[in-house]
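Only the coordinates and a few stated rules stand behind these numbers; no lab work does. Since the model is a prediction, treat every value here as computed from it, not as a measurement. No Cβ is skipped: glycine too gets one built from the backbone with ideal geometry, and neighbour counts run over all protein chains shown.
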Amino acid sequence: MQSTGLKRIYQICYYVLCKRHFYGITSSLRVLPDFLVIGIGRGGTTSCFHYLSQHPSIIGSAYDEIGFFDENFHLGLNWYRSMFPTKFLKKKIAKRFGKCLTYDVTPSYIWKPWAARRIKELFSGIKLIAVLRNPTDRAYSQYHLSLRNGVVKSSFEEVIEEDIKTFKKFEDSGSIIDDEHFRHYIKKSYLGRGFYAHHLKIWFELFDRKQILILTSEELSTDTNKTMNKIFQFLDLIL
């Protein structure tokens, strides 16, 4: 137990002070996000990250896919703060444009219930944006990424057939959909990450419907200006 605690302290010091340097040292002077883009992977969230920062009243995090509420929660809020602008800069922009918002885009949050609960605990009133892609196209895109990275060598058809068998076994076993289901089934599945109804259920249980905006990657791609205007209106920003 003691060694685990010391390891955690070392990790926090290393990632906050050594990896984030000046940003980590000044973390107490920095802000936290006003809204989050929670998903979905292979759905255009990287483009959304860059489009958002083009609004004069919006400042993004240091980079997208920070993963604080899932993979990096153990690093603490000071590490998370190091990813965002200073209170001084935010105040300066708000004075000039009337408002200033900061954001984090991490597409893996959407299918991780524990991330949703952590967000609720720390930011109960935060606004959330989900960009969803046609599940088949999303799965095919994820497959090709895995193929390029050497993660998979099977054909797309073989991968999907294996996914279907896995989920059928899960249903036949009568198992419940809990955190372990998402960790062991959804994480490894090409089809599973497209089960949006399952993913969003926890978010709608935790947050008010008015806090959540759902868009499609297709509309973001084909009608970018209109879609971004929807986002700005949702965030109560003057266009």
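Compared with the dominant Cα axis of the chain, that is its longest principal axis, helix 2-13 is turned about 60°. When the helices of the chain are scored as -39500 (n - 2.57) per DSSP H run of n ≥ 4 and the total is divided over every residue, the value at 222 nm lands at -14000 deg cm²/dmol.
In percent, rounded to a whole number, the relative contact order of the chain is 25, using alpha-carbon pairs under 8 Å and six or more apart. Taking the longest Cα principal axis of the chain as reference, the axis of helix 196-206 is set at about 40 degrees. Sorted fewest first by neighbouring Cβ atoms within 10 angstrom, Y80, Y140, Y185 come out as Y140, Y185, Y80. Partner lysines whose Cα lies under 29 Å from the Cα of K230, excluding those fewer than 8 positions away in the same chain, are identified as K87, K90, K91, K92, K95, K99, K112, K120, K127, K201, K210. Compared with the dominant Cα axis of the chain, that is its longest principal axis, helix 224-234 is turned about 70°.
Ordering of 35-46, 225-236 by packing is 35-46, 225-236, highest average first (other Cβ atoms within 10 Å, averaged per residue).
Of S189, S141, the sequence from fewest to most neighbouring Cβ atoms within 10 angstrom is S141, S189. Can you tell me how the stretch 160-239 classifies by the Cα gyration tensor, rounded, prolate or oblate, using a/c under 1.5 as the rounded cut? Judged from the Cα gyration tensor, the stretch 160-239 comes out oblate (a/c at least 1.5, b/c at or above a/b).
Going from the fewest other Cβ atoms within 10 Å to the most, the residues R193, R20, R209 appear in the order R209, R20, R193. I'd like the distance between the alpha-carbon centres of the stretch 121-188 and the stretch 18-80, rounded to an integer number of Å. For the stretch 121-188 versus the stretch 18-80, the Cα centre distance is 24 Å.
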